[in-house]
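Visitor: Take a look at the following structure, please.
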Amino acid sequence: MAIERTLSIIKPDATRRNLTGQINARLEEAELRIVAQKRVRLTLDQAQAFYDVHKERAFFEDLCNFMITGPVVVQVLEGEDAIAKNREVMGATNPANADEGTIRKDFAESIEANSVHGSDATETAVREISFFFSELEIVG
Ligand code: ADP
Ligand code: MG
């Protein structure tokens, strides 16, 4: 296993319910280190650019509109096997299918308002981290 970095986003449904600290605690309990973090309000253009890979999907427009309903917390997580580890801690996309003890099982409101985003592969992690952060902002 290698030390990896992955991009995490705490989505507007979670920032609205003041869950940033509780979600960060879950990440840290899983030995993921938050090596960069900022709270931002995305524009529609930025949300559409970030989710470009999903632009043909039926949920794309709704998803982008949801992501601009409030602030998000974008963060870089670092640790052993961080990409897969974060996906485990997050749980399945649809909270109805998420395992007990996962962030989405415990906090998500719906398949769309599912509290967190996590990169799904090495290449997407690199792209998504550089979408939000410069190297100078990442302190491991
Ligand atoms: P994940 O975030 O688990 O990697 P996807 O990359 O497939 O899931 O989808 C990106 C995001 O789009 C999801 O986290 C969720 O917010 C939203 N989404 C996915 N599928 C649906 C759906 N069927 N209906 C509404 N929103 C969806
Ligand atoms: Mg995804």
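The values are calculated or read from the model by the stated rules, or taken from the named source; none is laboratory data. Note that this is a predicted model, so its numbers are computed, not measured. Because the Cβ atoms are built from the backbone with ideal geometry, glycine has one as well, and the counts that use them run over all protein chains shown. Ligands, DNA and RNA are excluded from the accessible area calculation, which covers all protein heavy atoms including side chains. Shrake-Rupley method; radii C 1.70, N 1.55, O 1.52, S 1.80 Å.
Visitor: With a 1.4 Å probe and all protein chains left in place, how much of the accessible area of the chain comes from carbon and sulfur atoms, in whole percent?
Guide: 48
Visitor: Something else about it: Compute the relative contact order of the chain as a whole-number percentage, counting only Cα pairs closer than 8 Å that sit 6 or more residues apart in sequence. Mind showing how you got there, number by number?
Guide: Details: 246 pairs, mean separation 52.4, N = 140.
Computed over the chain, the figure is 37 percent.
Visitor: What is the spin-label model distance, in nm, from E29 to T124 if the labels are put 7 Å beyond Cα along the C-beta direction?
Guide: Label-label distance for E29 and T124, simple model: 2.5 nm.
Visitor: What distance in nm separates the simple spin-label points at Q22 and T43, each placed 7 Å from Cα in the Cβ direction?
Guide: Placing both labels 7 Å along Cα→Cβ, they lie 3.4 nm apart.
Visitor: Given the C-alpha centroids of region 7-28 and region 90-130, what is the distance between them in whole angstrom?
Guide: Centre-to-centre distance over Cα atoms comes out at 11 Å.
Visitor: Oh, and also: Using the heavy atoms of the protein chains and a 1.4 angstrom probe, tell me the accessible area per residue for region 84-140 in square angstrom.
Guide: 54
Visitor: Add +1 for every Lys or Arg and -1 for every Asp or Glu among the other residues with Cβ under 12 Å from the Cβ of G70, and state the total.
Guide: Local net charge: +4.
Visitor: Taking 0.36 nm per intervening residue step and subtracting the Cα-Cα distance, what contour gain separates A84 from F59 on full extension?
Guide: So the chain would gain 6.6 nm between A84 and F59.
Visitor: Something else: Would you kindly calculate the mean projected area, averaged across all directions, of the convex hull enclosing the Cα atoms of region 80-124, in square nanometres?
Guide: On the way: hull surface 12.3 nm².
Its Cα hull, projected and averaged over all orientations, spans 3.1 nm².
Visitor: At 10 °C and a viscosity of 1.306 mPa s, what translational diffusion coefficient does Stokes-Einstein give for region 1-87, taking Rh as the Kirkwood radius over Cα pairs? Give it in µm²/s as a whole number. Before the final figure, lay out each step's value.
Guide: On the way: Rh = 13.8 Å.
Using the Kirkwood radius from Cα pairs, D works out to 115 µm²/s.
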